[in-house]
Amino acid sequence: MEKHVQQFVNDFMSRIEAKNPNEVEFIQAVREVAESVAGYILENPVMQNLKVLDRIAEPERVIMFRVPWLRDSGEIEINRGYRVQNNSALGPYKGGLRFHVSVNLSILKFLAFEQTFKNSLTTLPMGGGKGGSDFSSKGKSDNEVMRFCQSFATELSRHIGADVDVPAGDIGVGGREIGYMFGQYKRLRNEFTGAYTGKGLSFGGSLLRPEATGYGLCYFVREMLVTKGDSFAGKVVTVSGSGNVSQYAIEKATKLGAKVVTASDSSGYIYDSEGIDEQKLEYIKDLKNVFRGRISEYVERYPNAVFYAEERPWGVKCDIALPCATQNELDGGDAQKLVDGGCLCVGEGANMPSTPEAIAIFHANKVLFAPGKAANAGGVATSGLEMAQNSMRLSWSRDEVDEKLSQIMRDIHTTCCEYGTEADGYINYVNGANIGGFIKVANAMIAQGVV
Ligand code: NDP
Ligand code: 2IT
């Protein structure tokens, strides 16, 4: 990086660090974008004069609230709820809700910041937001989850709406939780509108929304492989996580001819050298979505597989790695192991799963590396399609949604190439996604004045 560009990044980041002390994940996400877009900003002084990046890095609004609820035993529990409304330059705030014990303001601010660029890349009219709670559904009865969701949705209902802010799922929030929150919203507002996405099919949900993030990830990776004249066929793929994104990434990668050999959760990973085929994946879906069990149980059903407790799958030799669990789950040591094992492509299904050290190693070794804000944008893009269908009061067929999703992923890939191709032809998808996402938001903000 040239000296004056580095100076710009340093000055900007000192302001961000001073304003957001101890927000490690938020600072990490902002630094990555700043490093990508600094050169562009310096070439376009209007962006600098109007402090566009400083404005994007300050959420328009942060809402924090108490979420009291009752255990089945009658005991009172208190969780903390959040909604970070980061940027509305392109449309209503849009982004998921995360329910996990680790949730804090830093994590939700990083996710809402990232979402702003991701949503811009989808080409659909959506601003960026994210919310959630430090609640975990693990070990809770269905009634407890419902009471929590109703309490959370009651306060949130004052701040959202189909034209205001449209939440969806993320870690710990799937169809069950969205159903309970949408039900409570409808009851309080006495209106049936698309204020949430990821709804059940019979009440305004879109076909293919559950599959969209994992499928979209594979469509994006397919495009990356095409730039090398390659494909998924015959490739060995490692996947982390075993939730929504992982399940449908495994499904699509397998359909495209790959062999997926790992899945994981926060307790460890399973390695199945024969591959997780369709039938085994159905078992994982039931295990995780219906019985809410642990991935370790896979080896009881399929004894040819091995479970590695408290370990991550990145030491397994593979051609393609798809981290689909959580932020910072793949560090520099893991990246080096992947490179040493001959991995040619890494596609992020999760948000910011690779640490900055890991990304530097992928770039230095010219690995095809897709950041989450490009590669996992298929989920929110299909949420955007759900919003469109709700507005029209019509539903598209599965094939129509799939065609739109794959076209959007192709377009995002093209945008990344446009802004990220380096002198030697290597595509830096991090720069491509950050610059491509930034320009659209920045221009909209400039046009809308200092608001
Ligand atoms: P789920 O809750 O369905 O699954 C999450 C998976 O990740 C589980 O296997 C979970 O294991 C594991 N996991 C969660 N936290 C940790 C942790 N701290 N350490 C190790 N493993 C962990 O969530 P999703 O599949 O929806 O989300 C996964 C990732 O994808 C997240 O980063 C999310 O932000 C991102 N994403 C999701 C989209 C969506 O549409 N759902 C869209 C775009 C991105 P365990 O069961 O043990 O907790
Ligand atoms: O991180 C994400 O893009 C999501 N969790 C999906 C958000 C959405 O509004 O569908």
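The values are calculated or read from the model by the stated rules, or taken from the named source; none is laboratory data. Remember, predicted model here, so these are calculated numbers, not experimental data. Reconstructed Cβ throughout: ideal geometry from the backbone, glycine too, with neighbour counts over all protein chains shown.
Within segment 210-238, how many residues are of a type in the set (A, V, I, L, M, F, W, C), surrounded by fewer than 24 Cβ atoms within 10 Å (Cβ to Cβ) and either part of a loop (DSSP other than H, G, I, E, B) or out of contact with any strand residue (DSSP E or B) (no Cβ under 7 Å at 6 or more places or on another chain) (or both)? Even if it seems obvious, please write down each step before you answer.
We begin by selecting, within segment 210-238, every residue of a type in the set (A, V, I, L, M, F, W, C); these are 212, 217-218, 220-221, 224-226, 232-233, 236-237.
Okay, now just the ones that are also surrounded by fewer than 24 Cβ atoms within 10 Å (Cβ to Cβ), so 225-226, 232-233, 236.
After this cut, where a residue has to be either part of a loop (DSSP other than H, G, I, E, B) or out of contact with any strand residue (DSSP E or B) (no Cβ under 7 Å at 6 or more places or on another chain) (or both) as well, the list is 226, 232-233.
Result for segment 210-238: 3.
Counted as qualifying within segment 38-106 are the strands (runs of 3 or more DSSP E) with 1 or more residues that are farther than 30 Å from Ser141 by Cβ, in contact (Cβ under 8 Å) with a residue 60 or more places away in the chain and touching a helix residue (DSSP H, G or I) at 6+ places or on another chain (Cβ under 8 Å), namely 76-87, 93-99.
Among the conditions (1) away from ligand 2 (no atom under 15 Å from the Cβ); (2) touching a Phe, Trp or Tyr at 6+ places or on another chain (Cβ under 7 Å); (3) of a type outside the set (Asp, Glu), Gly172 misses just one, which is (1). Kindly indicate the residue of segment 360-385 that is more than 15 Å from Gly420 (Cβ to Cβ) and more than 9 Å from ligand 1 (Cβ to nearest atom) and also surrounded by the fewest Cβ atoms within 10 Å (Cβ to Cβ) among those meeting that condition. Applying the filter and picking the extreme gives Ala364. Checked against the criterion of being under 21 Å from the mean Cα position of the chain (by Cα) and either in a loop (DSSP other than H, G, I, E, B) or surrounded by fewer than 21 Cβ atoms within 10 Å (Cβ to Cβ) (or both), the candidates Asn289, Asn304 yield just one match: Asn289.
Applying the set (1) within 19 Å of the chain's Cα centre (by Cα); (2) surrounded by 23 or more Cβ atoms within 10 Å (Cβ to Cβ) to Asp265 leaves exactly one unmet item: (2). Of all residues in segment 231-249, count the ones that are under 11 Å from Ile276 (Cα atoms) and without any contact (Cβ under 8 Å) to a residue 60 or more places away in the chain. So the answer is 1.
Among the residues of segment 126-171, which ones are within 12 Å of Val380 (Cβ to Cβ) and either assigned to a loop (DSSP other than H, G, I, E, B) or over 23 Å from the mean Cα position of the chain (by Cα) (or both)? Please lay out each step first, then the result.
Step one: list which residues in segment 126-171 are within 12 Å of Val380 (Cβ to Cβ), which gives 126-130, 166-170.
Those that are within 12 Å of Val380 (Cβ to Cβ) and either assigned to a loop (DSSP other than H, G, I, E, B) or over 23 Å from the mean Cα position of the chain (by Cα) (or both): Met126, Gly127, Gly169.
State which residue is nearest to ligand 2 (Cβ to nearest atom) when the search covers only segment 362-383 and only residues that are among the hydrophobic types (A, V, I, L, M, F, W, C), free of Cβ contacts under 8 Å to residues at least 40 places away in the same chain and within 15 Å of Ala321 (Cβ to Cβ).
Just the residues of segment 362-383 that are among the hydrophobic types (A, V, I, L, M, F, W, C), to begin with: 362, 364, 367-370, 374-375, 377, 380-381.
The next check asks that each one be free of Cβ contacts under 8 Å to residues at least 40 places away in the same chain; those that pass are 362, 364, 367.
Going one step further and asking which of them are within 15 Å of Ala321 (Cβ to Cβ), we end up with 362, 367.
Numbers: Phe362: 21, Val367: 23 Å.
Here the residue is Phe362.
Consider Gly241 carefully, then state whether it is in a loop (DSSP other than H, G, I, E, B), touching an Asp or Glu at 6+ places or on another chain (Cβ under 9 Å) and within 16 Å of ligand 1 (Cβ to nearest atom). Before you say what the answer is, go through the steps one by one.
Details: in a loop (DSSP other than H, G, I, E, B): yes; touching an Asp or Glu at 6+ places or on another chain (Cβ under 9 Å): yes; within 16 Å of ligand 1 (Cβ to nearest atom): yes.
Here the answer is yes, as Gly241 does meet what is asked.
Close contacts from segment 346-357, counting a first residue that is at positive phi and a second that is of a type in the set (S, T, N, Q), with Cβ to Cβ under 9 Å and a gap of 6+ residues or different chains, come to Met352/Gln28; Met352/Thr326; Met352/Gln327; Met352/Asn328.
Restricting segment 313-359 to residues that are surrounded by fewer than 24 Cβ atoms within 10 Å (Cβ to Cβ) and of a type in the set (Gly, Ala, Ser) leaves a set whose member that is farthest from ligand 1 (Cβ to nearest atom) is Gly342. Residue pairs whose Cβ atoms lie under 7 Å apart, sitting 6 or more positions apart in sequence or on different chains, and linking a residue in segment 259-272 that is of a type in the set (Val, Ile, Thr) to a partner that is in a strand (DSSP E or B) and within 16 Å of ligand 2 (Cβ to nearest atom), do not occur here. Scanning segment 156-175 for residues that are within 16 Å of ligand 1 (Cβ to nearest atom) and at positive phi yields one hit, Gly172.
Which of the residues that make up segment 375-411 are assigned to a helix (DSSP H, G or I) and touching a strand residue (DSSP E or B) at 6+ places or on another chain (Cβ under 9 Å)?
Scanning segment 375-411 gives Ala375, Gly379, Val380, Ser383, Gly384, Glu386, Met387.
Based on what the data block shows, is Gly198 within 13 Å of ligand 1 (Cβ to nearest atom), outside any strand (DSSP E or B) and without any contact (Cβ under 8 Å) to a residue 12 or more places away in the chain?
Numbers: within 13 Å of ligand 1 (Cβ to nearest atom): yes; outside any strand (DSSP E or B): yes; without any contact (Cβ under 8 Å) to a residue 12 or more places away in the chain: no.
The answer is no for Gly198.
Kindly establish whether Thr197 is surrounded by 22 or more Cβ atoms within 10 Å (Cβ to Cβ), touching a Cys at 6+ places or on another chain (Cβ under 7 Å) and at pLDDT 95 or above. No, not satisfied.
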